[in-house]
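Comments concern the structure below.
The values are calculated or read from the model by the stated rules, or taken from the named source; none is laboratory data. The model shown is predicted, which means the values in this text are computed figures rather than measured ones. Ideal geometry is used to build each Cβ from the backbone, glycine not excepted, and the neighbour counts take in all protein chains shown. Side chains are part of the model used for accessible areas, which takes the heavy atoms of the whole protein and leaves out ligands, DNA and RNA. Shrake-Rupley method; radii C 1.70, N 1.55, O 1.52, S 1.80 Å.
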Amino acid sequence: MTANNSFILFSPNYKCHSVRSLYGIYSLFYNRRSRITTLRGDAKRKKRQFRMTGKNNKFPQRADSTNAAKKAKISIMSDNLPNSTPRHIAIIMDGNGRWAKERRLPRSAGHNAGAKAVERTLKAAQKAGVKFLTLYAFSTENWIRPQDEIDGLMKLLEQTLDRYTKDAAKNNIRLWVSGEREPLPAGVLKKIDYAVSATAQNTGLTLNLALNYGARQEITHAVNTLIAEGKTNVTIQDIQARLYQPDLPDPELIIRTSGEERLSNFLLWQAAYSEFYFTSVLWPDFTEEEFNKALDAYRARTRRFGGL
């Protein structure tokens, strides 16, 4: 993967002429945050439904687009108190190939070992009380890899989805997928659709697989959708409501393994206020202990969102 740059959409157009004005904005911001917490609690209790949006080449997302648009009008940044567990953690799982190379094994062995690290991480996230876990499984740029490696990854994905679906009821994990359906193989799409449907009513951790995912592509998709709808005055909330998974909260913490320190076209929109944790540990060696180190580092930080 290569590093990519994000863009910033800045819309406010006002000036503060006094300290009193600044204080008023500051108070309004925090009063809204208290209402956001209440609104989010009500929304989480609603029954969840899914729909297919094949005409837009998107994976299943929530059915009530009107409700999603309403929810997008409020900030989806979590209101975490100091030393709290992140509601949403996103991970760039990097280092499978280097792990295999160090052991003089084929790259496929690294990917198989990486799949086991996914299982460990899911258990660690559940144990810690994380509600959403996004894993960067396959990027839009990964298609340039050798075809035999891509074929192996798709086969491993199918096997993992079979096992995941079988254990889904026991683990109470719900599956979402963010990305474009094309050009994923038909067999993979069939497994994904079944897994998403089979886990839709689960109430535990939500695993969001970023599959054939690119953040620039996601933002472009949202903008093109707005153009097709005839929108001429676009807001941040308009774009949020048209992302792959509009109801997915922004990640408080993004972890990247293997020593690389870049986003690589991952969640550029959602990462506006994310904390970052980089570790030199290769993904196949990522354990519950390493996961907890990232949590400890996050809990030691103070998130101000531009305030004091």
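How would E182, E119, E141 rank on accessible area, largest to smallest, probe 1.4 Å? Before the final figure, lay out the partial values.
Values: E182 115, E119 75, E141 55 Å².
Largest accessible area first, the residues go E182, E119, E141.
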Rounded, prolate or oblate (a/c below 1.5 giving rounded, otherwise prolate when a/b exceeds b/c) for region 215-308 by Cα gyration tensor: prolate
Long pairs among K170/K293; K166/K293; K116/K155; K123/K170, criterion Cα-Cα beyond 19 Å: K170/K293; K166/K293
Loop GluC sites (Glu not before Pro), region 161-236 (other Cβ atoms within 10 Å of the site Cβ: 16 or fewer; DSSP): E229
Amide H contacts of D94 (H built 1.01 Å from N, under 5 Å, at least 5 apart or other chain): T257, W283
Span from the region 120-161 Cα centroid across to the region 267-295 one, whole angstrom: 15 Å
D285 accessible area, 1.4 Å probe, all protein chains in place, Å² to nearest 10: 70 Å²
Packing rank of 166-173, 253-260, where each peptide gets the mean count of other beta carbons within 10 Å, highest leading: 253-260, 166-173
Solvent-accessible area, 1.4 Å probe, carbon plus sulfur percent, for region 97-219: 54 percent
